[in-house]
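The values are calculated or read from the model by the stated rules, or taken from the named source; none is laboratory data. Please read these numbers as outputs of a predicted model, since none were measured by experiment. All Cβ positions, glycine included, derive from the backbone under ideal geometry; neighbour counts span all protein chains shown.
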Amino acid sequence: MSNLREKQKTPAQNPIPIGAELCDRSPETHRSLVVQRTVRSCILTFACWFWWALGTVNMPASLLAEATELRSHQDRSLDYPVTVVDPNPFLRPGTAMGQEGNFKVENRSLGTVPAERMRLPVPGSTWRLDGRVGRTKDGIIYAGFGTYLYRSEDDGKNWNGVLIEGLPDTRPGRVAAIAFGASGKHILLAHRASALAPTGRYENKNPAESREDLNIYPLVISRSANGGRTWERSAVLPVPPGFRGLAGDGNSIVELGDGSLLAALDGIAEAAQGAEVFLRSRDQGQTWKNVSLMSEAAETGLMSLGGLRVLAAIRGIPNARLGGKTIELANSEDGGHTWSTRRPLTRTFGQAHGDLAQLPGVGVVAVYENRYPYRDGGEVQARISWDNGITWTSELYILSKGHGYGGSVASNDGVTVITVLGDGELDSRGSPTGRGYTLQAVRWKPWRPPGSRTLPESR
């Protein structure tokens, strides 16, 4: 017992408090020890920083993406409601009506709808934010817009995002989502295989990835079963005869009722006039085959109506019949092999990129951009149908001010619509100014149809 007590009194068992060794020293010795400690601390800090930076450079893309994750946040500039107007515009006299006849197009106001909005950061975006939204079977919502992939696990209230990069057969740098969708456990993303040999040149390329690289590269569709941490790509997508390649600007990929997949991509034609190319996969996106072409069409949104029935929202391209840049609808009864009942949804020049999402029962929400004139700021608008797109209600919803494309899904409550959309600021020539290219998510509820007990009553 006495030995144990003696051991407890030794310096090893009762260490001197930190810094006590500096006591009872001369001032010169004290200063020397402080300098030595400071130098050692600086060396240690630099070494830690160096090895962290070295590890980041060699870090796998999936881990690096987690380290640079983006998070949605509230933005005071987004504190405004959804405006509801009459979809049939009227003409109001302009400032020089007598001399130039410049009538101003306006829509009669019908009211407003509350909106919950969140800002989704897109640092360094070089192009209008365009894309689609989808939900995997686990309930997670994904949005592929431009070169960014966002996900929400709480029904669109909060979002986490990463820069899209490191996909199969792509060169280092950001990768644009040419088409996007979800099926079962997978998210699907069409992109250029920029590490493969180019097949030609294309002067009108979407500059989301690079404004310098105008090569036409083979397109592939990569899929991920873990939210984008790892990807596996399909075989190279086939290009129809008479076309130089495939492209897109936030196009659509959907699952049909028989479990097959249907994708819509823009064909780069040998002549000036392009067409929409529809491809089908029967092995969950590993291989794809061309099934049909649609002339005078681009940037098509797809929605399954059950079985092999499909509803399409088409951006018309310049033509004598419509003037171009309007939204048309078409139906397929055989999984995209043939299309019929092509009809206008909008008639105003400059309305592009129609997106379709299923609402409860036979409801449909169609979202599209109203682009011109640039100086008026642009809008993202929406229409509602309660009969699978045959007829549309007498309300036009102005979801946001700004330039960009939108995509939607229905919420779990069957009442709320969740829309992700670009709301960038452009000058009168269409170049970015002010806040530049930006992205937001908005939760909103359309007015209910006659007899409905779940949606806000129409006015």
*How many of the residues making up the stretch 100-146 are closer than 19 Å to Leu70 by Cβ, assigned to a strand (DSSP E or B) and either touching a helix residue (DSSP H, G or I) at 6+ places or on another chain (Cβ under 9 Å) or of a type in the set (Ser, Thr, Tyr) (or both)?*
4
*Sort out for me the strands (runs of 3 or more DSSP E) sitting completely within the stretch 309-411 that have 2 or more residues that are crowded, with 16+ Cβ neighbours inside 10 Å.*
309-316, 327-332, 351-359, 363-370, 379-385, 396-401, 406-410
*If you go through the stretch 111-130, how many residues are β-branched (Val, Ile, Thr) and under 12 Å from the mean Cα position of the chain (by Cα)?*
1
*Output yes when any residue across the stretch 254-267 is more than 16 Å from Arg192 (Cα to Cα), surrounded by 18 or more Cβ atoms within 10 Å (Cβ to Cβ) and modelled with pLDDT under 95, and no when none is.*
no
*Considering (1) more than 21 Å from the chain's Cα centre (by Cα); (2) closer than 18 Å to Leu196 by Cβ, say which one Gly242 fails and leave the rest.*
(2)
*Where Arg229 falls short, out of the listed (1) surrounded by 14 or more Cβ atoms within 10 Å (Cβ to Cβ); (2) modelled with pLDDT of 90 or more; (3) in contact with a strand residue (DSSP E or B) (Cβ under 8 Å, 6 or more places away or on another chain)*: (3)
*Looking only at the stretch 314-330, decide whether some residue is modelled with pLDDT under 95, of a type in the set (D, E, K, R) and over 19 Å from Gly248 (Cβ atoms).*
yes
*Can you name the residue in the stretch 412-436 that is of a type in the set (A, V, I, L, M, F, W, C) and surrounded by fewer than 22 Cβ atoms within 10 Å (Cβ to Cβ) and, of all such residues, is farthest from Gly181 (Cα to Cα)?*
Leu426
*Could you list all residues from the stretch 100-112 that are touching a Lys or Arg at 6+ places or on another chain (Cβ under 6 Å) and either surrounded by 13 or more Cβ atoms within 10 Å (Cβ to Cβ) or of a type outside the set (Asp, Glu) (or both)?*
Lys104, Gly111
